[in-house]
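What follows is a short report on a single structure.
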Amino acid sequence: MIDKKWWQEEVIYQIYPRSFYDENGDGIGDIKGIIKKLDYLKELGITMIWICPIYKSPMVDNGYDISDYLGINKEFGTMNDLDQLLIKAEQLDIKVMLDLVINHTSDEHIWFQEGINNPDSPYRDYYIFKDSVDGKEPNNWRSIFGGSVWEKVPNEEKYYMHVFDKKQPDLNFENPKLRNEIYNMINTWLDKGLAGFRIDSITFLKKDQNFESLKSDGNDGLVTCKYKTRNQPGIEVFLNELKEKTFNKYDCITVGEAPGVRYDELSEFIGEDGYFSMIFDFKYADIDVESGSDWFKRTNWTTKEFKDLLFNSQNEIQKVGWGANFIENHDQPRAISKFITDESYQNFIGGSALALMYFFLRGTPFIYQGQELGMTNFQRQSINEFNDISSVDNYYRSIDEGFTEEEALQFVNLRSRDNTRTPFPWDNTKNGGFTNGTPWLSLTEYYPSTNALDEVNNTNSLFNFYKKMIEIRTFSKYKDILTFGTFQEVENVSENIISYYRQNNNEKLQVIINLSNQSNQINVEKNDFKVIMHNYEKVVNNNQIINLKPYEAILIEL
Ligand code: GLC
Ligand code: CA
């Protein structure tokens with residue numbers, strides 16, 4: 001168990017800046033737009049924002065390809081805008097967290113330009129260059145976005161490595177000079193008074209230095225690079241040094257995007273002396289696909305399987321530290337579309353059931369922009385309508401694996417990262433009031449009926465449901481138990497019911513979610529329970545037996 005920390009009490013709202021609010025009419029969301037909408041976030045009640053990358057970037061992966069760590073991308077504004085944002089946020093008592101992307105840079109970063117254009121430059125060793133083998137790529141590793149991890153260097157029999165897109169060359173953390181540059185950069189940002197960072201793809205820092213090929217796992221002859229580039233032995237040296245040289249000198253929050261971490265090594269990541277404050281666990285988020293990067297491998301998951309993954313995650317994290325709870329982010333489809341399998345409940349009922357389910361788990365809750373409005377996935381008609389590079393890669397890989405174009409498009413519609421990247425619908429006017437210009441990505445077709453203005457004004461909306469949950473977790477008399485109380489699974493309930501207790505010495509709360517389109521029943525310990533929140537008009541019980549309607553969700557005090 002870890003000691004109490006300030007960041008355990010936060011409710012964090014994730015902003016995808018390109019799609020939040022466009023202040024100057026160029027069709028792209030910007031920092032001034034965020035400033036304008038801080039009051040909306042204050043109204044919702046969140047205590048911290050995490051802003052996806054706003055640094056200089058050619059935007060091939062929408063900012064996760066950084067060409068200058070200390071510069072702000074022009075389309076988002078200026079450093080002065082960011083300073084203004086920090087000031088305004090502080091006035092509203094909202095903390096600010098930025099995204100930290102250090103596994104790779106853009107190929108337009110000056111280090112890479114020097115490194116690729118000049119074999120003798122010290123910057124060549126900032127990246128991973130290897131000789132070709134028999135005139136071909138050094139090995140058969142497949143990048144996360146499809147295709148080889150290797151890209152040929154013009155006029156040389158050499159390749160450079162990229163775990164993600166070819167315009168995102170991986171940094172070589174084996175090089176101490178590079179590591180120091182990164183630490184200085186991080187400290188420069190933390191000195192500005194940020195609350196901390198969400199840390200991108202951090203388990204990829206260490207690569208197996210033997211660079212050996214493995215048996216192929218696809219029709220392309222390649223094999224996912226995960227086995228050789230993700231969470232490899234030796235990564236602990238890099239992550240410990242990173243923490244010592246940077247985060248440990250500040251009282252900051254660090255949230256690791258750390259796929260591939262096994263539960264038996266969680267304490268190294270998030271224990272009392274762990275590398276990070278908390279990490280995201282993707283094991284249940286990716287339940288609809290066999291792996292987050294192979295969208296054509298869809299599963300037929302059940303609520304029981306989902307519950308087991310969710311509760312296992314809670315139990316394992318509780319043993320050693322603290323978790324970051326989420327159901328959506330900029331890499332995932334909309335939660336309602338993914339987890340509510342009966343379309344007739346992909347509305348307030350389904351959205352509030354999911355909300356109540358995850359929000360009161362033990363850990364810091366994250367809300368992704370638009371989640372609080374109950375946004376759902378779109379249906380695009382052609383692959384040309386997509387911006388996300390991984391959508392395009394997955395489309396062609398699916399076809400390569402023998403699926404038809406319609407099937408490939410359907411996989412992409414279900415999983416595309418663009419689903420959560422569509423512009424935020426502020427109202428029902430043209431382009432949802434997001435911009436006066438032409439939006440960089442079209443909105444979902446549903447904005448006339450799902451938008452912030454209507455949600456804020458309607459007392460029975462999902463927005464107001466979220467607002468109430470935040471209020472209860474952050475300011476009510478249940479704050480302590482909902483933040484620090486232990487998590488305990490409620491056993492012997494129907495397979496389709498997700499139920500858990502949060503408790504401390506003398507109080508006990510119970511969350512009950514019927515995650516199915518069938519009616520159900522649950523037996524609770526007392527018949528004089530108190531209902532704190534629920535998503536239907538009233539809770540119907542017969543003494544200790546509560547009758548649950550489809551997707552009914554209840555929080556009670558026992
Ligand atoms: C992370 C980001 C994702 C990005 C990738 C490469 O998974 O969340 O958006 O594409 O890393 O930086
Ligand atoms: Ca703009």
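The values are calculated or read from the model by the stated rules, or taken from the named source; none is laboratory data. Being a predicted model, the structure only gives us computed values, none of them experimental. Ideal geometry is used to build each Cβ from the backbone, glycine not excepted, and the neighbour counts take in all protein chains shown. The area values use the complete protein model at the heavy-atom level, side chains included, leaving out ligands, DNA and RNA. Shrake-Rupley method; radii C 1.70, N 1.55, O 1.52, S 1.80 Å.
Using R0 = 25 Å, the C-beta based FRET efficiency linking residue 312 and residue 484 works out to 0.75. Here the peptides 62-71, 361-370, 131-140 are ranked by packing, the mean other Cβ count within 10 Å, and the order with the highest first is 361-370, 62-71, 131-140. The heavy atoms of residue 483 present about 0 square angstrom of accessible area, all protein chains included, probe 1.4 Å.
Region 230-268 and region 504-531 have Cα centres spaced 37 Å apart.
Among 463-475, 539-551, what's the highest-first ranking by average C-beta atoms within 10 angstrom per residue?
On the way: 463-475: 19.1, 539-551: 16.8.
Result, highest mean first: 463-475, 539-551.
In straight-distance terms, cross-link reach from residue 166 covers every one of the aspartates and glutamates whose alpha-carbon lies under 13 Å from its own, apart from those fewer than eight places away in the same chain; here that gives 61, 65, 107, 108, 151, 393. Can you tell me the orientation of helix 79-91 relative to the chain, as the angle in degrees between its alpha-carbon axis and the longest Cα principal axis, to the nearest 10? Taking the Cα atoms of the chain, the angle to 79-91 is about 20 degrees.
Magnitude of the charge dipole for region 138-217, about its Cα centre and with charges confined to Cβ atoms of Lys, Arg (+1) and Asp, Glu (-1), is about 140 debye.
Quickly rank 30-37, 289-296, 102-109 as a protection proxy: mean count of other C-beta atoms within 10 Å, highest first.
For the peptides 30-37, 289-296, 102-109, the packing ranking is 102-109, 30-37, 289-296.
Among residues other than residue 285 with Cβ under 11 Å from its Cβ, the summed charge is -3 (Lys and Arg +1, Asp and Glu -1).
Note on residue 249 and residue 449: the model spin-label points, each 7 Å out from Cα along the C-beta direction, lie 5.5 nm apart.
Stretched out straight at 0.36 nm per residue, the stretch from residue 265 to residue 43 would grow longer than its current Cα-Cα span by 76.0 nm.
Taking 0.36 nm per residue of sequence separation and subtracting the Cα-Cα distance, how much length would be gained by fully extending the chain between residue 36 and residue 304, in nm to one decimal?
Values: separation 268, 0.36 × 268 = 96.48 nm, distance 4.29 nm.
Gain on extension, residue 36 to residue 304, equals 92.2 nm.
Computed with a 1.4 Å probe on the full set of protein chains, the accessible area for residue 7 sits at about 20 Å².
Between 0 and 90 degrees, the angle of helix 303-320 with respect to the longest Cα principal axis of the chain falls at about 70 degrees.
Each part reduced to its alpha carbon centroid, region 117-137 and region 349-411 end up 37 Å apart. First select every other residue whose beta carbon is under 13 angstrom from the beta carbon of residue 96; then total the charges, Lys and Arg +1, Asp and Glu -1. Counting the neighbours of residue 96, the net charge comes to -2. The residue among 223, 457, 381 whose Cα reaches farthest toward the positive pole of the charge dipole of the chain, with charges on the beta-carbon of Lys, Arg, Asp and Glu, is 457.
The mean accessible area for residues of the chain, using a 1.4 Å probe and ignoring ligands and nucleic acids, is 38 Å² per residue. A simple spin-label model places pseudo-atoms 7 Å from Cα toward Cβ; at residue 457 and residue 558 they are separated by 4.3 nm. The angle between the Cα long axis of helix 176-191 and the longest principal axis of the Cα atoms of the chain comes to about 40 degrees, rounded to the nearest 10.
Given R₀ = 41 Å, FRET efficiency for residue 191-residue 464 by Cβ-Cβ distance, to 0.05? All intermediate terms of the calculation are to be shown ahead of the outcome.
Working: r = 39 Å, r/R0 = 0.95.
Using R0 = 41 Å, I get an efficiency of 0.60.
Between 358, 258, 487, the Cα set farthest toward the positive side of the dipole of the chain (charges on each charged residue's Cβ, about the Cα centre) is that of 487. Solvent-accessible surface of protein heavy atoms, probed at 1.4 angstrom with all chains present, puts 267, 461 in the order 267, 461, largest first. Between residue 384 and residue 236, the contour length at 0.36 nm per residue exceeds the alpha carbon distance by 49.1 nm.
Placing pseudo-labels 7 Å out from each Cα toward the beta carbon at residue 180 and residue 215 gives an inter-label distance of 4.5 nm. Applying a threshold of 26 Å to the alpha-carbon distances of 74/167; 228/297; 477/526; 5/56 flags 5/56 as lying beyond it. Placing +1 on the Cβ of each Lys and Arg and -1 on the Cβ of each Asp and Glu in region 110-161, which of 113, 140, 160 has its Cα farthest towards the positive end of the resulting dipole? Projecting each Cα onto the dipole axis, the largest value belongs to 140. Other residues within the sphere of radius under 9 Å centred on the Cβ of residue 229, judged by their own Cβ, net out at +3 (K and R +1, D and E -1). Within the straight-line cut-off of under 18 Å between alpha carbons, the aspartates and glutamates reachable from residue 530 are 471, 480, 507, 552, 557, sequence neighbours fewer than 8 places apart in one chain being disregarded. Placing +1 on the Cβ of every Lys and Arg and -1 on the Cβ of every Asp and Glu, with nothing else charged, gives the chain a dipole about its Cα centre of roughly 1120 debye.
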